[in-house]
Amino acid sequence: MARVSLEDLRKVAAPVDRAKIDATTEEDIRRHMIEDGEDPDAEPTGYRLVWPIAAIRSRLGMTQSVFADALGVPVATLRNWEQGRTQPDPAALALLRIVEREPEAAFRALGVAYRAPAERQG
């Protein structure tokens, strides 16, 4: 297999027909799905929506320091997760999913005092 440098790859134009993409309508996409045997009205399956960790933290109204402390991880670890330098392990991902869906219950189980942002404003 021939080796090609990243620099060489960047010099080659991608074989993408932008005009064709721009001209494609939702009806075209629907028609192609039907032709391919797919149901365009079916709910997509086989994926799970993952909220960016910084978005979860922001929605909870917490600083990096407070959120990291609540999760029991170093602030540097949280920063690395948020900036995409490292990925949380499966246990941390499970905890983050629980915190995202049920923050009050998650923090109560962790023994962390938490009030939703709307409650803080009153």
- Rank by packing, highest mean first: peptides 29-42, 2-15, 68-81, with packing defined as the count of other Cβ atoms within 10 Å averaged across residues. 68-81, 29-42, 2-15
- Message: Percent of Cα-Cα pairs more than 13 Å apart in region 36-85, please.
- Response: 64 percent
- Put +1 on the Cβ of every Lys and Arg and -1 on every Asp and Glu Cβ in region 53-121; which of MET62, ALA91, PRO74 then has its Cα farthest towards the positive end of the dipole? MET62
- Whether region 53-121 is rounded, prolate or oblate, judged on the alpha carbon gyration tensor where a/c under 1.5 counts as rounded: prolate
- For region 94-110, Karplus-derived ³J(HN,Hα) couplings (6.51, -1.76, 1.60; θ = phi - 60°; whole Hz; x for glycine and proline) come out as 4, 4, 5, 5, 5, 4, 5, 7, 9, x, 4, 5, 4, 5, 4, 5, 7
- Query: What is the log10 of I(q)/I(0) for the chain, computed with the Debye formula using one identical point scatterer on each Cα and no solvent, at q = 0.15, 0.20, 0.21 Å⁻¹?
  - Reply: -0.85, -1.03, -1.11
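FYI, it's all coordinate maths here, none of it is from the lab. The structure presented is a predicted model; accordingly, all values stated were derived computationally and were not measured. So basically every Cβ, Gly included, is an ideal-geometry build from the backbone, and we count neighbours across all protein chains shown.
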